[in-house]
1. Tally time: how many residues in the range 24-35 are among the charged types (D, E, K, R) and surrounded by 10 or more Cβ atoms within 10 Å (Cβ to Cβ)?
2. Do you know which residues across the range 1-23 are modelled with pLDDT of 80 or more and of a type outside the set (F, W, Y)?
3. Would you confirm, using the coordinates I've provided, whether R38 is out of contact with any Asp or Glu (no Cβ under 8 Å at 6 or more places or on another chain) and either surrounded by 10 or more Cβ atoms within 10 Å (Cβ to Cβ) or in a helix (DSSP H, G or I) (or both)?
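The values are calculated or read from the model by the stated rules, or taken from the named source; none is laboratory data. Just so you know, these numbers come straight off a predicted model, no measurement behind them. Methodologically, a virtual Cβ is constructed for each residue, glycine included, from the backbone with ideal geometry; neighbour enumeration extends over all protein chains shown.
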Amino acid sequence: MKDGESFDSDGESFDSLLKRFRKKVSRARILSEVRKRRFYVSKSEQRHRALRKAINRERRRQRKVRRRLRRM
């Protein structure tokens, strides 16, 4: 999505225009970026969050493996 891009097409209803706009915004991931940058997060906090996320991801993976082994 470019700055100043015109969204309106001839004869297009407001609802379809709004729907198209929302799709473009979500595809460009603008809102998620805004939410992510809403508050300042220090580098150490970013590393800490990334580490916690990795730990949780590994725990989920291990749970999945254990469930598969129980079925056998």
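1. Let us first name the residues in the range 24-35 that are among the charged types (D, E, K, R), namely 24, 27, 29, 33, 35.
Pick out the ones that are also surrounded by 10 or more Cβ atoms within 10 Å (Cβ to Cβ) and you get 24, 29, 33.
Residues flagged as among the charged types (D, E, K, R) and surrounded by 10 or more Cβ atoms within 10 Å (Cβ to Cβ) within the range 24-35 amount to 3.
2. G11, E12, S13, D15, S16, L17, L18, K19, R20, R22, K23, listed by residue number.
3. No: the conditions fail for R38.
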